[in-house]
Amino acid sequence: MSRPDHLEENVPLGPLTTLGVGGPARFLLNADSEDAIVQGFEFARSHDLPVFVLGGGSNILASDRGFDGLVIRVELRGISRNDDGTITAAAGEGWDELVADRVDQGFAGVECLSGIPGTVGGTPVQNVGAYGQEVSESIVSVRCFDRRDCQIVDLANNECGFSYRTSIFNTAERDRYVVVTVTFQLVPNGMPKIVYRDLIEHFAGREPTLAETREAVLAIRRSKSMVIDLDDPNHRSAGSFFKNPIVLRDQFEVIASRYGGEVPSFPAGEGAVKIPAAWLIEHAGFHKGYAMGAAGISTNHTLAIINRGDATAANILALATAIQTAVGNEFNIALTPEPVFVGDLY
């Protein structure tokens, strides 16, 4: 087939990610339409190339050797808003810009997800969540390109398999769908969701506005270096590097008994408990500001692994593996990374 428009060769991936590491993609296609995405996959098939779909790059660890295939960078734009609270946004739209607009216009449902970097298209994949709110609570449907059947499909919320930080897009149907638009149902003049301890304590019992909630979330995230601020030495990260593990209550009780009952936790369904990964990491011997060469842990948040200057993907992975090993040895818990690994990292 003919070469797609906007196709580039040997493009470094590091500058396209918030961690700032990664070698070159053999091909990179900036796709600004559904047709461009289809053309990209046709090109990849005709040249027998593997494909990786890239959004905002905020949840990516790319190999130092790069990616020997085609990276399709989704850059679709466009937003359709309705007075009843429904809104359809293209995958390439900035997520926090969308949240800011909806909060400013008085629509509830995503206010606690303020300050999360990346694009709209990435939110259903990870079922992005923070401060007691998940994006799946407001998603109506996800429009996708189905790589297997080579067609555009619309998936309703209940077809997306949403659960904690997961969906069919990163589990059962991983690498099948490319998100092109997401439709949300928000609540006009709704109340903010205040269920997370930090927010409850911040507002001390009073009912805040949506705008006040957004500002509080941004302030909390900023204090933990969880917003993109180029003046912050911790800004080159992928956000939380590990998911909060869910364990059986019996295992939690064993851990709690070793620490005098002082183990933070959250209910996670019948007979299960979620333990903050940050607490486990700290009690396995890693502290804020811990450094392992050019890779390190944020000085403001134990969950964030950062590029301290000229780190490689191998440096980042070595620190992540050391943390996983220590937590496994201390607690018999396997920490699961949140970032998507691109290329051959091992």
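In whole angstrom, how far apart do the alpha carbon centroids of region 158-193 and region 235-290 sit?
Their Cα centres are 25 Å away from one another.
Can you give me the C-alpha center-to-center distance between region 1-31 and region 307-343, rounded to a whole angstrom?
25 Å
Pop out the carbon and sulfur fraction of the accessible area of region 1-105 as a percent, whole number, probe 1.4 Å. Intermediate values should be presented prior to the final figure.
Values: 1920 of 4630 Å².
The computed percentage sits at 42.
Cut-off 14 Å, label point 7 angstrom out along Cα-to-Cβ of ARG65: give me the residues of region 313-346 whose amide nitrogen falls inside.
313-314, 342-346
Just to confirm, what accessible area per residue do you get for the chain at 1.4 Å probe, in whole Å²?
44 Å²
For region 219-315, which GluC sites (Glu not before Pro) are in a loop by DSSP, counting at most 16 other Cβ atoms within 10 Å?
Hits after loop and neighbour filter: GLU262, GLU270.
Taking the convex hull of the Cα atoms, report for region 43-96 its projected area averaged over all directions, in nm². Can you show the working numbers first?
On the way: hull surface 21.3 nm².
Taking the Cα atoms of region 43-96, their convex hull projects to 5.3 nm² on average.
With only Lys, Arg, Asp and Glu charged, each at its Cβ (+1 for the first two, -1 for the last two), find how big the charge dipole of region 1-153 is about the Cα centre; round to the nearest 20 debye.
The calculation lands at about 420 debye.
As a check on your grasp of the helix formula, calculate [θ] at 222 nm for the chain: sum -39500 (n - 2.57) over DSSP H runs of n ≥ 4, divide by the residue count, round to the nearest 500.
Per the formula, -7500 deg cm²/dmol.
In whole Å, largest first, what are the principal axis extents of the Cα atoms in region 238-324?
The Cα atoms of region 238-324 stretch 44, 23, 20 Å along the principal axes, largest first.
Under a Cβ-Cβ cut-off of 10 Å, what is the net charge of the residues other than VAL182 that fall near it, where Lys and Arg count +1 and Asp and Glu count -1?
So the environment of VAL182 carries a net charge of 0.
If the convex hull of the alpha-carbon atoms of the chain is projected onto planes in all directions, what is the mean projected area in square nanometres?
17.8 nm²
Quick one: check the C-alpha center-to-center distance for region 55-76 versus region 105-130, whole angstrom.
Here the two parts' Cα centres lie 21 Å apart.
In whole Hz, with x marking every Gly and Pro, tabulate ³J(HN,Hα) for region 59-65 from phi via Karplus 6.51 cos²θ - 1.76 cosθ + 1.60, θ = phi - 60°.
Going residue by residue, I get 9, 10, 10, 9, 4, 4, 7 Hz, with x marking Gly and Pro.
For region 264-314, which whole percent of the accessible surface, found with a 1.4 angstrom probe, sits on carbon and sulfur atoms?
51 percent
Label points 7 Å out from Cα along the Cβ direction at GLU8 and ILE200: separation in nm?
So the label points at GLU8 and ILE200 sit 4.8 nm apart.
Based on alpha-carbon positions alone, could you give the equivalent ellipsoid semi-axes of region 113-173 from the gyration tensor, as √(5λ), descending, whole Å?
Ellipsoid semi-axes (Å, largest first): 21, 12, 10.
For CYS150 and ILE246, calculate 0.36 nm times their separation in residues minus their Cα-Cα distance, and state this gained length in nm to one decimal. Please report the intermediate quantities before stating the final value.
Working: separation 96, 0.36 × 96 = 34.56 nm, distance 3.64 nm.
In short, 30.9 nm is gained.
Indicate the helices, whole DSSP H runs only, in the chain that combine a mean Kyte-Doolittle hydropathy of -1.0 or more with a Cα extent along their long axis of 24 angstrom or more.
Values: long enough: 313-331 (27 Å, 0.98).
Helices meeting the span and hydropathy rule in the chain are 313-331.
Provide ILE275, ILE194 ordered by accessible surface of protein heavy atoms (probe 1.4 Å), highest first.
ILE194, ILE275
Looking at the calculated P(r) for region 1-125, what percent of the C-alpha pair distances fall above 25 Å? All intermediate terms of the calculation are to be shown ahead of the outcome.
Working: 2478 of 7750 pairs.
Value for region 1-125 (Cα pairs over 25 Å): 32 percent.
The values are calculated or read from the model by the stated rules, or taken from the named source; none is laboratory data. Because the structure is a prediction, the values reported are computed rather than measured. Note: ideal-geometry Cβ built from the backbone for every residue, glycine included; neighbour counts use all protein chains shown. We work out accessible area using only protein heavy atoms, side chains counted, and drop any ligands, DNA or RNA first. Shrake-Rupley method; radii C 1.70, N 1.55, O 1.52, S 1.80 Å.
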